[in-house]
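See below for the structure under consideration.
The values are calculated or read from the model by the stated rules, or taken from the named source; none is laboratory data. Bear in mind that the values here come from a model prediction, so they are computed numbers and not experimental data. Reconstructed Cβ throughout: ideal geometry from the backbone, glycine too, with neighbour counts over all protein chains shown.
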Amino acid sequence: MSLTLVAPQTEATTTATAPTLAPREQEALRHIAAGCTYLQTARQMGLSKHTVDAYLRRIRAKLNISTTAEMTRLAISMGL
């Protein structure tokens, strides 16, 4: 496993360029990053798995990411 060092971003840079995630999108992201499946996430949030899938598709589109690993990395960087 290799690690890549990235220079820390200032708060002004982060908020100016990164789209904001809705609270439910953040919650879904937190569950997925913790290793839950879509179905487990849906049950914990009281939603259908299709709604969870829609949240995660929106996150991918907003942040231009395509894999669960990237979403997990994002969740960690956001402190979720």
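So, restricting to helices (runs of 4 or more DSSP H) that lie completely within the chain, which ones have at least 2 residues that are surrounded by 10 or more Cβ atoms within 10 Å (Cβ to Cβ), at pLDDT below 90 and not small (Gly, Ala, Ser)? Give the derivation first.
Details: elements: 11-17, 23-33, 38-45, 49-63, 68-78.
Output list reads 11-17, 68-78.
In region 58-77, which residues are closer than 13 Å to Ala28 by Cα and touching a residue at least 12 places away in the same chain (Cβ under 8 Å)?
Arg58, Ile59, Thr68, Met71, Thr72, Leu74, Ala75 - these are the residues of region 58-77 that are closer than 13 Å to Ala28 by Cα and touching a residue at least 12 places away in the same chain (Cβ under 8 Å).
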